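Right, one structure below, let's go through it.
The values are calculated or read from the model by the stated rules, or taken from the named source; none is laboratory data. Bear in mind the structure is a predicted one, so any value in this text is a computation, not a measurement. With ideal geometry, Cβ positions are generated from the backbone for all residues, glycine too; neighbour counts draw on all protein chains shown.
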Amino acid sequence: MDIRTDGTAAHDAPPMPQMNDDAFRRVVEYAPSAMVLVDGRGMMVLVNEQTERLFGYPRTELIGRSVDMLVPSAARTHHADFRHSFLSSPSPRPMGGGRDLFACRADGSEFPVEIGLNPMDTGEGVMVLASIVDITERRRAQQVLEQALQEKTVLLNEVHHRVKNNLQVITSLLNLQANNVDDPRVRDILNESQNRVRAMALTHQLLYERKDFSRMDLGDYLDRLAQLLRGAYRSSASGVELQLERPGQPVYLDLERAIPCGLVVNELVTNAFKHAFPAQRTGIITISLHSCDERLTLGVRDNGVGLPAGFDFDAVKSLGLQLVPLLIDQLHGELQMVRDGGASYLITFPAALPARGTT
């Protein structure tokens, strides 16, 4: 039997060099995977030693028998149709098209396999050379990895849940302390500390809800943070509106910078609520988020009284504003201040965290 090695029918390509029968048999016999040559009727005409080991049959019980005997009984009904479909348009390809494939041993046990099909143009018509690999160990290793991943996900979920709960306890303690303080200045300091803790707790809350522990949608986070800040200043700044401008598409930020991002917004919005609208003035504070050329621009602006002349972050005594430059450094960002009919802060930073060891 002369067999062409290019896997094409005679009318599809010019004549190719042929491999003689003995050479082909040696190639099949010493192949590392089970190899089965099947004719157009579905009969096995050649198998190798690996096929005997894999299926538990001596080759004398395989040669001349239907290849369907290696297929689980539940799949035998459709196997002939699949074989005829392949022969109608033969080309090298994997079998199954994304389906889980199983084979059947001599003892009736079934096991998962991967099968590659190669049409062979022989002197007796087109035959199919099937390469069969037992993937039981691969499946077992995959299941172990999936279980480990599931356990890790559950653990991370529990960690973020507990951190969030602990931060909420701290917030409640600060609230109790603020309610028992007569000095308005001390009460304001405690309330601002509550807002900072809430901003951090919100990060863990979103991670817990979304089940994605590597990043978060910054737009969703800012939306929820704006709701918290509106509630915190509803009574003391009832005439001030807080708005959010965000892209229509999600903007993701790595977990490492999510908390400093939330804190810097918290500090700038808090400062605007406290100082931009004195004497019960009305106005608007806007939080904005834009993405361009793999860089994010986070803005906080208001239409209040504006920054005092000579304002300098390095000279401020407010704890919140002292934190702003430190938080921007954690974002690997840059700050731009604009004095035009109010105060405007623009923070630009890379969308992705810079690689370790780079500046």
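Taken over segment 211-220, the residue count meeting the criterion of being under 15 Å from the mean Cα position of the chain (by Cα) and either of a type in the set (Asp, Glu) or at pLDDT 80 or above (or both) is 4. Here Arg162 meets the list (1) more than 21 Å from Leu54 (Cα to Cα); (2) exposed (fewer than 11 other Cβ atoms within 10 Å of the Cβ); (3) without any contact (Cβ under 8 Å) to a residue 60 or more places away in the chain almost entirely, failing just condition (2). The set of residues in segment 205-253 being assigned to a helix (DSSP H, G or I), touching a helix residue (DSSP H, G or I) at 6+ places or on another chain (Cβ under 8 Å), within 20 Å of Glu192 (Cβ to Cβ) and free of Cβ contacts under 8 Å to residues at least 40 places away in the same chain consists of Arg224, Leu228. Considering segment 36-89, and only residues there that are within 42 Å of the chain's Cα centre (by Cα) and among the basic types (Lys, Arg), the residue that is surrounded by the fewest Cβ atoms within 10 Å (Cβ to Cβ) turns out to be Arg53.
Looking at segment 153-162, is at least one residue of a type in the set (S, T, N, Q) and not assigned by TED's automatic domain parsing to the domain that holds Thr51? Talk me through it step by step, then tell me what you get.
Taking segment 153-162 as the starting set, the residues that turn out to be of a type in the set (S, T, N, Q) are 153, 157.
Keeping just the survivors that are not assigned by TED's automatic domain parsing to the domain that holds Thr51 gives 153, 157.
Checking segment 153-162: at least one residue is of a type in the set (S, T, N, Q) and not assigned by TED's automatic domain parsing to the domain that holds Thr51.
Of all the residues in segment 103-116, those that are touching a residue at least 24 places away in the same chain (Cβ under 8 Å), among the hydrophobic types (A, V, I, L, M, F, W, C) and either touching a Leu at 6+ places or on another chain (Cβ under 9 Å) or surrounded by 15 or more Cβ atoms within 10 Å (Cβ to Cβ) (or both) number 3.
Table: residues versus (1) more than 19 Å from Thr136 (Cα to Cα); (2) modelled with pLDDT of 90 or more; (3) of a type in the set (A, V, I, L, M, F, W, C); (4) in contact with a Gly (Cβ under 6 Å, 6 or more places away or on another chain).
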| site | (1), (2), (3), (4) |
| --- | --- |
| Ala34 | no, yes, yes, no |
| Val47 | yes, yes, yes, no |
| Ser89 | yes, no, no, no |
| Pro92 | yes, no, no, yes |
| Gly96 | no, no, no, no |
| Asp100 | no, no, no, no |
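May I ask you to verify whether Ala232 is modelled with pLDDT under 90 and assigned by TED's automatic domain parsing to the domain that holds Asp254? Yes: the conditions hold for Ala232. Taken over segment 53-74, residues that are in a helix (DSSP H, G or I) and among the aromatic types (Phe, Trp, Tyr) amount to 1.
Answer yes or no as to whether Ala199 is surrounded by fewer than 19 Cβ atoms within 10 Å (Cβ to Cβ), over 23 Å from the mean Cα position of the chain (by Cα) and of a type in the set (A, V, I, L, M, F, W, C). No; evaluated as a whole, the condition is false for this residue.
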